[in-house]
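Please treat every number below as a calculation from the coordinates, not as lab data. Model, not experiment: these values are computed from the prediction. No Cβ is skipped: glycine too gets one built from the backbone with ideal geometry, and neighbour counts run over all protein chains shown.
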Amino acid sequence: MNFILLAIFVVCSSAISATARQVVAGTPEDKLLQQIAAETDTDAKLQLLKTFEEQFPQSKVLPDIYLMMIEQYRQKSDGNKIIEYGEKVLKVDEHNVTAMMVLARTYSIQRKSLDRAVQLADQAVSHIANMKNGPRPAGYSEAAWKEYLATNETAAKQISDFAKGLKAKPF
């Protein structure tokens, strides 16, 4: 499971830099993102993220904001908030593999909604397979993109197996 945590953390921790490329420099949205990136206190960062959600409810970067919130709640070990914001990600970005994996893992750890956990993990595996056939995103070398896909595919399969194992042997 440590491998899974590392893969999910790497994806979530890169959200600020990817997000910053999607907003217009100097706008209030950009300024708040910069403030979020600079904040080191978990509670203060969460408040800034919530402020962003309230002020920019139609922002193109809202899925990334939610992923950042998930990371903050992961640091606080708040599984219910992780689930809340993971589901919010999927409402605005139904193909978000990171959210699928985080949700499947969290549901599994909490031993609830195991059918949903399996569904999400298997969806992530399927989406990653589709990503292999699609274009490589800007900012990734060929090797880095292949490694990213392989790492996430392995993690998604491990989460799926974990959830399926829990379903087979309920407590």
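Give the number of residues within segment 89-119 that are surrounded by 15 or more Cβ atoms within 10 Å (Cβ to Cβ), within 13 Å of the chain's Cα centre (by Cα) and without any contact (Cβ under 8 Å) to a residue 24 or more places away in the chain.
Residues flagged as surrounded by 15 or more Cβ atoms within 10 Å (Cβ to Cβ), within 13 Å of the chain's Cα centre (by Cα) and without any contact (Cβ under 8 Å) to a residue 24 or more places away in the chain within segment 89-119 amount to 2.
Suppose we filter segment 50-77 for residues that are within 15 Å of the chain's Cα centre (by Cα) and within 23 Å of ARG105 (Cα to Cα); how many remain?
Summing the residues that are within 15 Å of the chain's Cα centre (by Cα) and within 23 Å of ARG105 (Cα to Cα) in segment 50-77 gives 14.
Restricting attention to segment 133-153, does a residue exist that is of a type in the set (Val, Ile, Thr), touching a residue at least 24 places away in the same chain (Cβ under 8 Å), within 21 Å of VAL23 (Cα to Cα) and in contact with a Phe, Trp or Tyr (Cβ under 9 Å, 6 or more places away or on another chain)?
Checked segment 133-153: no residue is of a type in the set (Val, Ile, Thr), touching a residue at least 24 places away in the same chain (Cβ under 8 Å), within 21 Å of VAL23 (Cα to Cα) and in contact with a Phe, Trp or Tyr (Cβ under 9 Å, 6 or more places away or on another chain).
In segment 52-68, is there at least one residue being in a helix (DSSP H, G or I), surrounded by 21 or more Cβ atoms within 10 Å (Cβ to Cβ) and among the β-branched types (Val, Ile, Thr)?
Yes, segment 52-68 contains a residue that is in a helix (DSSP H, G or I), surrounded by 21 or more Cβ atoms within 10 Å (Cβ to Cβ) and among the β-branched types (Val, Ile, Thr).
Looking at ALA99, ALA117, ALA104 in this structure, which one is of a type outside the set (Ser, Thr, Tyr), more than 16 Å from LYS157 (Cβ to Cβ), assigned to a helix (DSSP H, G or I) and out of contact with any Cys (no Cβ under 7 Å at 6 or more places or on another chain)? It would help to see each step written out before you state the result.
Details: ALA117 fails: more than 16 Å from LYS157 (Cβ to Cβ); ALA104 fails: more than 16 Å from LYS157 (Cβ to Cβ).
Being of a type outside the set (Ser, Thr, Tyr), more than 16 Å from LYS157 (Cβ to Cβ), assigned to a helix (DSSP H, G or I) and out of contact with any Cys (no Cβ under 7 Å at 6 or more places or on another chain) holds for just one of ALA99, ALA117, ALA104, which is ALA99.
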